[in-house]
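The values are calculated or read from the model by the stated rules, or taken from the named source; none is laboratory data. Keep in mind it's a predicted model, so treat the numbers as computed, not measured. FYI the Cβ positions are ideal-geometry reconstructions off the backbone, even for glycines, and counts take in every protein chain you see. Heavy atoms of the whole protein, side chains included, go into the accessibility calculation; ligands, DNA and RNA do not. Shrake-Rupley method; radii C 1.70, N 1.55, O 1.52, S 1.80 Å.
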Amino acid sequence: MICAWKQLLSVLPPDIGQQVDSAGKETMQELRLRLNAPPEMVCGTGSVWLKGTAKKEDLNYIVNSASRYSPWCASTMALGYITAPGGHRIGICGDAVLHADAPGSFQSITSLCIRVARDYPGAADKIKDIWKSILIIGAPGWGKTTLLRDLTRRIANERVVCVVDEREELFPEGIQRGKRMDVLHGFPKPRGMNMMLRTMGPDYIAVDEITAEQDCAGLIQAANCGVRLIATAHGSGLQDLRQRPLYQPLLDRKIFQTIVLLNKDKSYSVERVVS
């Protein structure tokens, strides 16, 4: 297991960072901070409540440290998150301000959810049929991004894999890449996939979290151009996806031939789609 732990600690206020470092280095999955409440460290076996309460200054400290005042982070805040150094994703809640002709912003921040990015080389070794398009399905926190990262890295040792890393958490600085991998950071998935098709000559295109019709359209376009795909989707299983209209075009066209179904304990099974 590999984790950019020092980068995570660097964005935390010192008093919170010291508690996290001593209690959660190996097991913490999320750190949740709510204004005027004790910080909650979510681990695999349950929650650990830290001493003290999260203050407004603590929440602002984390956002400013993680964003380093970059324009890209400012734009993603309008979508409710920023990505900290090391690929750790910080979800944001608070009092939002909407603008008619510009991205929204936060007038004040009242909650943060920091998801710890951990890399597990070899996590995808049990997936044997990797030379077709692959869809990874699982609920939030079940390890979709982790499995996608290792799977794309493994394939990229032999084929050209272009990764559209919209949230900059798949392959942040310090995470090992495959030797035939090209990564586009910070682009929306549909535009990024189109750019990769036109300029990089991929054998595979990889994206995390299919959440919109435009994402599905981009995947179908790539598949029609002869490119294989690796992607993830939120769901409890294949039947769950079949019941949602968003995914119908992908399933009806059998865009993916290999389906990886994740379990809560981060184990997985593999199904093959018969043409």
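One line per residue, one yes/no per condition, for (1) within 25 Å of Ala123 (Cα to Cα); (2) assigned to a helix (DSSP H, G or I); (3) open to solvent by less than 60 Å² (accessible area, probe 1.4 Å); (4) touching a residue at least 40 places away in the same chain (Cβ under 8 Å):
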site	(1), (2), (3), (4)
Gln19	no, yes, yes, no
Ala37	no, no, yes, no
Lys51	no, no, no, no
Asp58	no, yes, yes, yes
Asn64	no, yes, no, no
Leu79	no, no, no, no
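Being more than 19 Å from Ala233 (Cβ to Cβ), open to solvent by less than 60 Å² (accessible area, probe 1.4 Å) and among the acidic types (Asp, Glu) is a property that Asp182 has. A single member of Glu26, Glu30 is closer than 23 Å to Glu173 by Cβ, acidic (Asp, Glu) and assigned to a strand (DSSP E or B), and it is Glu30.
Within segment 253-270, is there a residue that is more than 23 Å from the chain's Cα centre (by Cα) and surrounded by fewer than 21 Cβ atoms within 10 Å (Cβ to Cβ)? Taking every residue of segment 253-270 in turn, at least one turns out to be more than 23 Å from the chain's Cα centre (by Cα) and surrounded by fewer than 21 Cβ atoms within 10 Å (Cβ to Cβ).
For segment 124-171, the tally of residues that are more than 14 Å from the chain's Cα centre (by Cα) and closer than 19 Å to Ala4 by Cβ stands at 1. Name the residues in segment 224-252 that are charged (D, E, K, R) and open to solvent by less than 60 Å² (accessible area, probe 1.4 Å), would you? Matches in segment 224-252: Asp240 only. One residue is enough: does segment 131-149 have a residue meeting the conditions free of Cβ contacts under 8 Å to residues at least 40 places away in the same chain and crowded, with 23+ Cβ neighbours inside 10 Å? For segment 131-149, residues free of Cβ contacts under 8 Å to residues at least 40 places away in the same chain and crowded, with 23+ Cβ neighbours inside 10 Å: present. None of Ala66, Ala54, Ala78, Ala23 is at pLDDT 95 or above and either out of contact with any His (no Cβ under 7 Å at 6 or more places or on another chain) or hydroxyl-bearing (Ser, Thr, Tyr) (or both) except Ala54. Remark: pairs (first residue in segment 1-16, modelled with pLDDT of 90 or more; second residue hydrophobic (A, V, I, L, M, F, W, C) and in a loop (DSSP other than H, G, I, E, B); Cβ separation under 6 Å; 6+ apart in sequence or on different chains) = Val11/Ala84. Answer yes or no: is there a residue in segment 89-103 that is at pLDDT below 85 and surrounded by 12 or more Cβ atoms within 10 Å (Cβ to Cβ). Within segment 89-103, one or more residues are at pLDDT below 85 and surrounded by 12 or more Cβ atoms within 10 Å (Cβ to Cβ).
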